[in-house]
Amino acid sequence: DVKVTQSSRYLVKRTGEKVFLECVQDMDHENMFWYRQDPGLGLRLIYFSYDVKMKEKGDIPEGYSVSREKKERFSLILESASTNQTSMYLCASSLWRLAGGTDTQYFGPGTRLTVL
Amino acid sequence: AQRVTQPEKLLSVFKGAPVELKCNYSYSGSPELFWYVQYSRQRLQLLLRHISRESIKGFTADLNKGETSFHLKKPFAQEEDSAMYYCALNTGNQFYFGTGTSLTVIP
């Protein structure tokens, strides 16, 4: 069974703080993703990574950065948190198919971040 | 450009009634479609994928390339089906999710 874990279920931070969200997967997946989930907007991709030290921007990367130093760990960083970054953050991982392309995504439980 | 459209934000049906959650996609390549479900206080999880052509928890979905649709159907809704449902398109490099439909099954 794929296990994707996120460091915190709930997080409260103040405007301007630097925030780290951690995600770990235990299935040796090559691909990892960070989304934010907002009511009425669905899931929006922030960043993704195909391999260690590789990263690609998603649809809404502004205000975020990521780090992937190890295959199993993918960190999302809010350099200076703002109130409009209050959201549910979901991490996901997937295999890279031999035939090419990403396979089914498996999700972590989410981190609900509130920025005051 | 919106690649996945779920026109209904909210959907309510009575227990035992049929339910259909709509999903339309926009993609010029060969699509791979999924339905994900999120029950209250649980993580987002895969419900079914079109290439498997399987029925999970009584739900089915058929890919209609002519209408670019992948609607999710169940003939008799149950209370435990109440959840948020997301349709997703895999283009190979990444997934695109719809905005979700919140299904409520009324006892």
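The values are calculated or read from the model by the stated rules, or taken from the named source; none is laboratory data. Because the structure is a prediction, the values reported are computed rather than measured. FYI the Cβ positions are ideal-geometry reconstructions off the backbone, even for glycines, and counts take in every protein chain you see.
The table for this structure:
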| quantity | calculated |
| --- | --- |
| Subset of the range B:63-73 that is touching a strand residue (DSSP E or B) at 6+ places or on another chain (Cβ under 7 Å) and polar (S, T, N, Q) - its residue that is surrounded by the most Cβ atoms within 10 Å (Cβ to Cβ) | B:Ser69 |
| Which numbered condition B:Thr60 fails, given (1) assigned to a loop (DSSP other than H, G, I, E, B); (2) more than 9 Å from chain A (Cβ to nearest Cβ); (3) surrounded by 14 or more Cβ atoms within 10 Å (Cβ to Cβ); (4) not hydrophobic (A, V, I, L, M, F, W, C) | (1) |
| Which numbered condition A:Met27 fails, given (1) of a type outside the set (Lys, Arg); (2) at pLDDT below 95; (3) within 23 Å of B:Pro31 (Cα to Cα) | (3) |
| Test set (1) at pLDDT below 95; (2) not in a strand (DSSP E or B) - A:Phe48 fails condition number | (2) |
| Conditions (1) under 15 Å from A:Val4 (Cβ atoms); (2) more than 12 Å from every other protein chain (Cβ to nearest Cβ); (3) surrounded by 14 or more Cβ atoms within 10 Å (Cβ to Cβ); (4) without any contact (Cβ under 8 Å) to a residue 40 or more places away in the chain; number of the one not met by A:Thr104 | (2) |
| Residue match in the range A:68-89 (condition: within 21 Å of B:Tyr85 (Cα to Cα) and surrounded by 21 or more Cβ atoms within 10 Å (Cβ to Cβ)) | yes |
| Residue within the range A:26-42 that is within 18 Å of A:Val4 (Cβ to Cβ), within 14 Å of chain B (Cβ to nearest Cβ), of a type in the set (A, V, I, L, M) and assigned to a strand (DSSP E or B) present | yes |
| Conditions (1) at pLDDT 95 or above; (2) surrounded by 15 or more Cβ atoms within 10 Å (Cβ to Cβ); (3) not hydrophobic (A, V, I, L, M, F, W, C); number of the one not met by A:Ser65 | (2) |
| Residues of the range B:1-43 satisfying the condition of being under 15 Å from the mean Cα position of the chain (by Cα), surrounded by fewer than 13 Cβ atoms within 10 Å (Cβ to Cβ) and of a type in the set (A, V, I, L, M, F, W, C) | B:Leu10 |
| Among the candidates B:Leu48, B:Leu33, residue that is within 14 Å of chain A (Cβ to nearest Cβ), within 29 Å of A:Lys3 (Cα to Cα) and in contact with a helix residue (DSSP H, G or I) (Cβ under 6 Å, 6 or more places away or on another chain) | B:Leu33 |
| Selection count where residues are in a strand (DSSP E or B) and exposed (fewer than 15 other Cβ atoms within 10 Å of the Cβ), scope the range B:74-107 | 2 |
